[in-house]
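Here's the structure we're looking at; comments come further down.
The values are calculated or read from the model by the stated rules, or taken from the named source; none is laboratory data. In this text the structure is predicted, and so the values were computed from the model without any measurement. As a convention, Cβ positions derive from the backbone with ideal geometry for all residues, glycine included, and neighbour counts pool all protein chains shown. Only protein heavy atoms, including side chains, enter the accessible area calculation; ligands, DNA and RNA are left aside. Shrake-Rupley method; radii C 1.70, N 1.55, O 1.52, S 1.80 Å.
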Amino acid sequence: MSRIYVLHENRAWVEPLRAAFEEIGLPFEEWFLDVGHLDLMDSPPPGVFYNRMSASSHTRGHRYAPEYTGAVLAWLEQHGRRVVNSSRALQLEISKVAQYAALGACGIRTPKTVAVIGRDRIVDVGRTFGFPFITKHNRAGKGLGVKLFKSAGALERYVGGEEFEPSVDGVTLIQEYIEAAEPFITRVEFVGGRLLYAVRVDTSQGFELCPADACRVDDAFCPTGESPVSLFQIEKNFSHELIERYEHFLVENKIHIAGIEFITDRSGVTYTYDVNTNTNYNSKAEEVAGLYGMRAVADYLGRELAATENSIERRVLSAVVGRHGAER
């Protein structure tokens, strides 16, 4: 029997999707891709394969999970299996350099960025870049490793000190600091390549912006005023000139489910700075808005599974008819 296979390395992040599958009654199975083996002589089972591998897997002790997933996706695609968030999506998930190149190819503005290889080169490049700027990891996730620098002295102390955080792939990005009129960014969520909703994300508490409930045990809400204010507020019926370009970008890069983040500076110029192909959703914000990301993902995967099964049935019927015709 065909089913939906979820490829991942974080069980907590899959819990809402499991619940949605069970609510709808969809057959599914999880492939936890941390360690294991892959026999290239085998054929994959029939079904739909949803890639949820994360750029931040190394922070949970799963250093080579993306590489393992890359091998599995190549195997699946070789055999013509339906893959949601393809091997190209994985490439963009684990490299912001690749993201920015792909965004730029679709006419989407990104911040000025320099990729630096080698810890000893960061200060030299930073001095000529122009302050203020931020550093970030090329492979990160959740906004980890993002730091703001306003002077060469602060950068030197950080790079030369014990608090320095190297990117797991050895590539540090130096990126222009975009100062927004208000402390928030916008994240637009796409399912099946189409806009689901937008989220206004409060950045006043820092840059670790993972919306998953598992990431926000203690600080999902700011205890100010008479009632808590969510860091994540869904905007219904969101419209922006970037949406059409984002949809084109997703098609061009075989990405089906994603969250894309952008920021608008004080002059009204918008910059896109992150693409999350392992997108998560905040249940509190969704409950307020009455919109549910994982339910939309499950519905989409269910439709893809049905389409895949219909395609198999048509091929089998065509083969049977062809044999009967040859016999006559």
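Scanning segment 85-127 for residues being open to solvent by less than 40 Å² (accessible area, probe 1.4 Å) and in contact with a Gly (Cβ under 9 Å, 6 or more places away or on another chain) gives a total of 7.
Residues of segment 1-27 that are within 22 Å of Glu304 (Cβ to Cβ), open to solvent by 50 Å² or more (accessible area, probe 1.4 Å) and not acidic (Asp, Glu): Met1, Arg3, Pro16, Arg18, Ala19, Ile24, Gly25. Counting only residues that are in a loop (DSSP other than H, G, I, E, B) and in contact (Cβ under 8 Å) with a residue 40 or more places away in the chain, segment 131-149 holds 9 of them. Restricted to strands (runs of 3 or more DSSP E) entirely inside segment 1-117, those with at least 1 residues that are touching a Pro at 6+ places or on another chain (Cβ under 8 Å) and closer than 20 Å to Gly293 by Cβ are 3-8.
The condition of being exposed (fewer than 13 other Cβ atoms within 10 Å of the Cβ), closer than 15 Å to Leu73 by Cα and in contact with a helix residue (DSSP H, G or I) (Cβ under 9 Å, 6 or more places away or on another chain) holds for only one of Gly36, Gly47, that being Gly36.
Screening the candidates Arg109, Arg11 for the property of being modelled with pLDDT of 95 or more and closer than 30 Å to Thr270 by Cα yields one hit, Arg109. A count restricted to segment 50-71 and to residues that are under 18 Å from the mean Cα position of the chain (by Cα) and open to solvent by less than 50 Å² (accessible area, probe 1.4 Å) stands at 14.
Please tell me if Asp299 is at pLDDT 95 or above and open to solvent by 20 Å² or more (accessible area, probe 1.4 Å). Criteria met by Asp299. Got at least one residue in segment 159-170 being within 30 Å of Arg295 (Cα to Cα), at pLDDT below 95, within 27 Å of the chain's Cα centre (by Cα) and assigned to a loop (DSSP other than H, G, I, E, B)? Checking segment 159-170: not a single residue is within 30 Å of Arg295 (Cα to Cα), at pLDDT below 95, within 27 Å of the chain's Cα centre (by Cα) and assigned to a loop (DSSP other than H, G, I, E, B). Of the residues Phe149, Phe129, the single one that is among the aromatic types (Phe, Trp, Tyr), touching a helix residue (DSSP H, G or I) at 6+ places or on another chain (Cβ under 7 Å) and on the phi < 0 side of the Ramachandran plot is Phe149.
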